[in-house]
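Taking it in order: structure first as structure tokens, then the write-up.
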Amino acid sequence: MRLLLMSDTHLPKRAKRLPDPLLAELPHADVVFHAGDWVDTATLDLLESRSRRLVGVYGNNDGPELRARLPEVAYAELDGLRFGVVHETGPAKGREARCAARFPDLDVLVFGHSHIPWDSTAPGGPRLLNPGSPTDRRRQPYRTYLTATLADGTLTDVTLHRLPER
């Protein structure tokens, strides 16, 4: 099973559209995760129409229309692994312990907000994945997203994709 993870698209404020390399991944993804801060409903409509399965949440920059269509926290069980998606997890310091306490039953937690890619595992808790942002690199050297493979209950090939300069 092929997974595509993104967050913090901030359209149309940070970019006019999603980057072509990210859009090219959609037909190959069995499940698309979006960890919030869509900003516009058009991006949600686009991903809903092009994704086999979309698991998304709203973020702090998402208004009432998106909040009416998306939860604050989403859950999905895929090939025996329990996934959660949330926008904010708080400061980097102490993140693993906080997430393990808040989400003790998860195997993988996808989150966003910081625009900083993250891949760690909380002791006794979930693997934490932040795909960064495909549209707004902030203080990062690149705009990014993640892909991964899920097979036989194991998450493999977690790859951070760096997008070229615009």
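Nothing in this text is a laboratory measurement; each read-out follows from the coordinates by a stated rule. Please read all numbers here as calculations on a predicted model, not as lab measurements. Virtual Cβ from ideal backbone geometry, glycine too; neighbours counted across all protein chains shown.
Build a GNM of the chain with springs between Cα atoms under 10 Å apart, and of GLY94, GLY132, GLY56 the one that fluctuates most is GLY94. If you keep only loop residues by DSSP, which GluC sites (Glu not before Pro) in the range 68-166 have at most 12 other Cβ atoms within 10 Å of their Cβ? Loop-located and lightly packed - GLU165.
About its Cα centre, the chain has a charge dipole of approximately 580 debye under the convention of +1 per Lys or Arg Cβ and -1 per Asp or Glu Cβ, with nothing else charged. Full extension of the chain between ARG139 and GLU77 gives 19.0 nm of extra length, using 0.36 nm per residue less the Cα-Cα distance. Think of the range 25-166 as having a plus end and a minus end, set by charges on the Cβ of Lys, Arg, Asp and Glu; of PRO64, LEU78, GLY153, PRO64 sits farthest toward the positive end of this dipole. Sorted ascending by nearby beta carbons within 10 Å, beginning with the fewest, MET6, MET1 become MET1, MET6. Taking 0.36 nm per residue of sequence separation and removing the Cα-Cα distance, the THR154/SER120 pair yields an extension gain of 10.7 nm. Rounded to the nearest whole Hz, the Karplus-based 3J(HN,Hα) values (6.51 cos²θ - 1.76 cosθ + 1.60, θ = phi - 60°) of the range 45-56 follow the sequence 4, 4, 5, 4, 6, 9, 9, 5, 8, 10, 10, x, with x at glycine and proline. Distance between the modelled labels on ALA101 and ASN60, one decimal in nanometres: 1.9 nm (7 Å Cα→Cβ projection). The phi-based Karplus calculation (6.51 cos²θ - 1.76 cosθ + 1.60; θ = phi - 60°) puts the 3J(HN,Hα) values of the range 67-81 at 5, 6, 9, 10, x, 6, 10, 10, 10, 8, 9, 10, 6, x, 9 Hz, whole numbers, x for Gly and Pro. Between the amide H of LEU54 and those of VAL32, distances stay under 5 Å, these residues lying 5 or more places away or on another chain, with hydrogens modeled in the peptide plane. Candidate values (1) 8.9; (2) 13.2; (3) 9.9 were compared with mean projected area of the Cα convex hull in nm² computed on the shown model; the agreeing label is (1). For the chain, with the dipole built from +1 on Lys and Arg beta-carbon atoms and -1 on Asp and Glu ones, taken about the Cα centre, which of PHE103, VAL55, GLY90 lies farthest toward the positive end? With unit charges placed on the Cβ atoms, the residue in question is GLY90. In the range 1-46, inverting the average of 1/r over every pair of distinct C-alpha atoms gives 11.0 Å as the Kirkwood radius.
With 0.36 nm allotted per residue and the present C-alpha distance subtracted, the ALA92-GLU165 stretch has 23.6 nm of extension available. Beta-bridge orientation, the chain: approximately 65 percent antiparallel, per DSSP, counting only bridges with both partners inside.
When the helices of the chain are scored as -39500 (n - 2.57) per DSSP H run of n ≥ 4 and the total is divided over every residue, the value at 222 nm lands at -4500 deg cm²/dmol.
Couplings for the range 149-166, taken from phi via the Karplus curve 6.51 cos²θ - 1.76 cosθ + 1.60 with θ = phi - 60°, read 10, 10, 8, 6, x, 10, 8, 10, 6, 5, 10, 8, 9, 9, 8, x, 4, 7 Hz in order; Gly and Pro are left as x.
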